[in-house]
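First up is the structure itself, then whatever we jot down about it.
The values are calculated or read from the model by the stated rules, or taken from the named source; none is laboratory data. All of these numbers come straight from a predicted model, not from anything done at the bench. Heads up, the Cβs are rebuilt from the backbone with ideal geometry, glycines too, and the neighbour counts pull from every protein chain shown.
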């Protein structure tokens, strides 16, 4: 436990308690208005869901229910604070798995009722976008690229609660598809991958694979927009795996892994990354064409769990370098879901004197909720081409 925060500090600084339960992480944290993390706690469900081969909402909900009280109290204890010491309570209310969001929202309401503190509902994707501002002096507007197991989007952050959505996924998010391909490759039986998530396993094996061993089609290459699609890429990778298993006489229901697994992982990752690079390339050109991002503030914030993949990060860095953009990415522990980002998003709203729920009991969780104003049609109508290609770093 941290040393108790003195009364002078409590009175001079704003303090926000943040609660996150949108998917498979139970997180809580306390931050101050200078971006200092005073205390945080996190309970990860990763190993439980690995055994199930994916996230089971009812299991995730029960784990949140079992651990949320200890996690929130742990964050307060590490900060040396009592609930009455915080200025406001923030919680993820959208988007996410309904059963999981419910636990966090209901618990936050309980704390609000007990303490009488203001309640700040937080948009999960906005929290990812704003986290970088906790560590660096990033001015609005800036470009945002969010990659995770549930989302994939490009947007312009013009202010707190003010986003232009340039493109989002039309089917499945990259994190989910990476996990599904890992499952199809049976990577939980691979000695180097048994404790890794699917996406981490793909990244690890790809480091020693030939990324050009198999020619896979880049998704949506002919579509002049900033939207994403990974379902077709997953399906063609599935067909490749089926073909190789058949050639090697491996039954689909066995634990055997194809001999070229590293090459498949590398080829799959490379093609998915080309898709991401192409969309980012177009988003930057669109912002130039529409004069949305000023020359003095060319910044891309990259966040979300998939942003922890260093191959993808280096590749997107190649795009930002070409156009003179600064790439800002929170540390890996803050790219995945956590209480810190929710607390900071709440702080951003609190400092502006906005976003506080007038009637906390009336706040409802929303499993599906877009981010900002949809500009995808305008991006398509701009007809922006993205040639010549930008090389992926080796």
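Odds and ends about this structure:
- Of the residues making up segment 189-211, those that are at pLDDT below 95, in a loop (DSSP other than H, G, I, E, B) and surrounded by 13 or more Cβ atoms within 10 Å (Cβ to Cβ) are 193, 196, 197.
- So residue 104, is it part of a helix (DSSP H, G or I), touching a strand residue (DSSP E or B) at 6+ places or on another chain (Cβ under 9 Å), assigned by TED's automatic domain parsing to the domain that holds residue 313 and in contact (Cβ under 8 Å) with a residue 60 or more places away in the chain: no
- Of the criteria (1) out of contact with any strand residue (DSSP E or B) (no Cβ under 8 Å at 6 or more places or on another chain); (2) modelled with pLDDT of 95 or more; (3) surrounded by 22 or more Cβ atoms within 10 Å (Cβ to Cβ), which one residue 69 fails: (3)
- Residue, farthest from the chain's Cα centre (by Cα), within segment 62-88, restricted to residues that are assigned to a helix (DSSP H, G or I) and in contact (Cβ under 8 Å) with a residue 60 or more places away in the chain: 85
- Matching option when the condition is without any contact (Cβ under 8 Å) to a residue 24 or more places away in the chain and either more than 23 Å from residue 384 (Cβ to Cβ) or outside any helix (DSSP H, G or I) (or both), among 137, 225: 137
- Filtering segment 113-134 to residues that are under 17 Å from the mean Cα position of the chain (by Cα) and assigned to a helix (DSSP H, G or I) leaves 124, 125, 126, 127, 128, 129, 130, 132, 133, 134.
- Test: residue in segment 264-275 that is free of Cβ contacts under 8 Å to residues at least 40 places away in the same chain and closer than 16 Å to residue 175 by Cα: no
- Out of 368, 354, 290, sole residue that is surrounded by fewer than 21 Cβ atoms within 10 Å (Cβ to Cβ) and in the same structural domain as residue 86 (by TED's automatic domain parsing): 354
- Yes/no for residue 59 being part of a loop (DSSP other than H, G, I, E, B) and modelled with pLDDT under 95: no
- When residue 54 is tested against (1) at pLDDT 95 or above; (2) in a loop (DSSP other than H, G, I, E, B); (3) surrounded by fewer than 16 Cβ atoms within 10 Å (Cβ to Cβ), just one condition goes unmet, and that condition is (1).
- Sole residue being buried (at least 24 other Cβ atoms within 10 Å of the Cβ), over 13 Å from the mean Cα position of the chain (by Cα) and farther than 28 Å from residue 45 by Cβ, chosen from 185, 154, 166: 166
- In segment 324-348, residue surrounded by the fewest Cβ atoms within 10 Å (Cβ to Cβ) [restricted to those that are out of contact with any strand residue (DSSP E or B) (no Cβ under 9 Å at 6 or more places or on another chain) and modelled with pLDDT of 95 or more]: 324
- Test result for residue 110, closer than 27 Å to residue 85 by Cβ, surrounded by fewer than 22 Cβ atoms within 10 Å (Cβ to Cβ), more than 15 Å from the chain's Cα centre (by Cα) and modelled with pLDDT of 95 or more: yes
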